[in-house]
Structures are given as structure tokens and as C-alpha cells.
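Report on the following structure.
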Amino acid sequence: MIEQAGIGTAKQAADHELILAFGRLQGAANRLEYILGRALETECGISHLMFEVLLILGRAGRPGLSMRAIAQEQVLTTGGATRLVDRMEAAGLVARAEAPDDRRAKLVRLTPLGEETTVRASRIHVENIKRHLVEPLPADDRERFAEDLRILSHTARDSLPRLP
């Protein structure tokens, strides 16, 4: 048996420091997703994924974004993004409009209700992030932790294949 990274048994694999670290990261992300996502659903009537799309569209401003751009940002298929946007459009949060440079293409943008929902949900989300993500960390480590998360996120994003 070829032993790589000091792993020769299932026990060694389970106890490997890098595997443990990634498992803790994933576990924390999953638990926080649940806690913060439930708060958005309960208090604002939107899923965390919808909230993320609202934020993406808020950053983009007018005229909006293509379905492909939304899918790429959220690591969704274009079909998955279309179904999500369909639900958001039915809820009055977003609208589709013709692209200014290509009348055949559609762009997605926030409606006034989408703008209002984004602001209200963001206020709630910030308070929950403070309580569940920031406050448990030592004060001296918080800024570095946020920067490390940015680096990890951008590195992973840049490693993803681009949608055709």
C-alpha cells in the first residue's frame, strides 16, 4: 500500500489535521447556513439563496445581469438559476428586462420590492452574522479571519470552470 500524506489507515485519514480542519470549516458553514438561512426565511420570507441573488443584483445595479452571470456567481446551472429567478419574479422581487444592446437577451434586475427586501434582510443578516460568526471569535483575530475568508473564496471561485 502506498502511504501518502501520512495516511495508511482509515483512522489516520479521519484524524489528519487538514481533513479535520476542512471538516470543521464545512461543518461551521453548514450550521451557519442553516441558522442564518432560517432567520431570513422566518423574518423575510426568502431563502438564503434568494437573498444571495438579491445581493448580486444589488451590486450589479441597472440594467441588471444575465441568467448566465447569476448562475456563474451562485455555482448553479442556467436551468437552476432560471427556476430560482422564476420564483423570485413571481414573488415580485425581480423583473426581467430587455438588454439595452441586444433586445433578444433578457437581464434580471431588482424591483422596488426586491430593493426593500434586500435592505430589510441585510439588516437582519448583519445582526445574525455578528452574533453567530463574529462575536465567538477573539476580537484581535476578526479582521484577519475576514481577509482569510475572502482569499479562500476568491481562490476557489477562480478555480471553477466557466459556464459555456
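Is there a residue being closer than 15 Å to Phe51 by Cα, touching a Ser or Thr at 6+ places or on another chain (Cβ under 9 Å), open to solvent by 50 Å² or more (accessible area, probe 1.4 Å) and assigned to a loop (DSSP other than H, G, I, E, B) anywhere in the stretch 84-94? Taking every residue of the stretch 84-94 in turn, at least one turns out to be closer than 15 Å to Phe51 by Cα, touching a Ser or Thr at 6+ places or on another chain (Cβ under 9 Å), open to solvent by 50 Å² or more (accessible area, probe 1.4 Å) and assigned to a loop (DSSP other than H, G, I, E, B). Do we find a residue being of a type outside the set (Asp, Glu), within 23 Å of Arg123 (Cβ to Cβ) and outside any helix (DSSP H, G or I) anywhere in the stretch 2-17? Within the stretch 2-17 (the criterion being of a type outside the set (Asp, Glu), within 23 Å of Arg123 (Cβ to Cβ) and outside any helix (DSSP H, G or I)), the answer is no, since none of the residues qualifies. Set side by side, the residues Ala29, Ala69, Ala95, Ala5 differ, and just one is more than 30 Å from Phe145 (Cβ to Cβ) and out of contact with any Gly (no Cβ under 6 Å at 6 or more places or on another chain), which is Ala95. Can you pull out the residues in the stretch 110-128 that are more than 22 Å from Ala69 (Cβ to Cβ) and open to solvent by less than 50 Å² (accessible area, probe 1.4 Å)? Once the filter is applied, which keeps residues that are more than 22 Å from Ala69 (Cβ to Cβ) and open to solvent by less than 50 Å² (accessible area, probe 1.4 Å), the stretch 110-128 yields Ile124, His125, Asn128. Within the stretch 152-164, being of a type in the set (A, V, I, L, M) and either loosely packed, with under 10 Cβ neighbours inside 10 Å or under 21 Å from Gly79 (Cβ atoms) (or both) holds for Leu160, Leu163. Annotation for the stretch 1-16: no member residue is within 21 Å of Ala156 (Cβ to Cβ) and either among the polar types (S, T, N, Q) or crowded, with 17+ Cβ neighbours inside 10 Å (or both). Take the residues in the stretch 33-76 that are of a type in the set (Val, Ile, Thr) and without any contact (Cβ under 8 Å) to a residue 24 or more places away in the chain; name whichever of them is least open to solvent (accessible area, probe 1.4 Å). Among those residues, the one meeting the criterion is Ile56. Scanning the stretch 57-78 for residues that are closer than 18 Å to Leu160 by Cα and in a helix (DSSP H, G or I) returns Met67, Arg68, Ala69, Ile70, Ala71, Gln72, Glu73, Gln74, Thr78. Of all the numbered requirements in (1) touching a Pro at 6+ places or on another chain (Cβ under 7 Å); (2) loosely packed, with under 15 Cβ neighbours inside 10 Å, Leu107 misses one, and that requirement is (2).
The values are calculated or read from the model by the stated rules, or taken from the named source; none is laboratory data. Because the structure is predicted, anything quoted here is derived from the model rather than measured. Cβ sites come from the backbone with ideal geometry, for glycine too, and all protein chains shown count toward neighbours. Please note that ligands, DNA and RNA were not included when accessible areas were found on the heavy atoms of the full protein model with its side chains. Shrake-Rupley method; radii C 1.70, N 1.55, O 1.52, S 1.80 Å.
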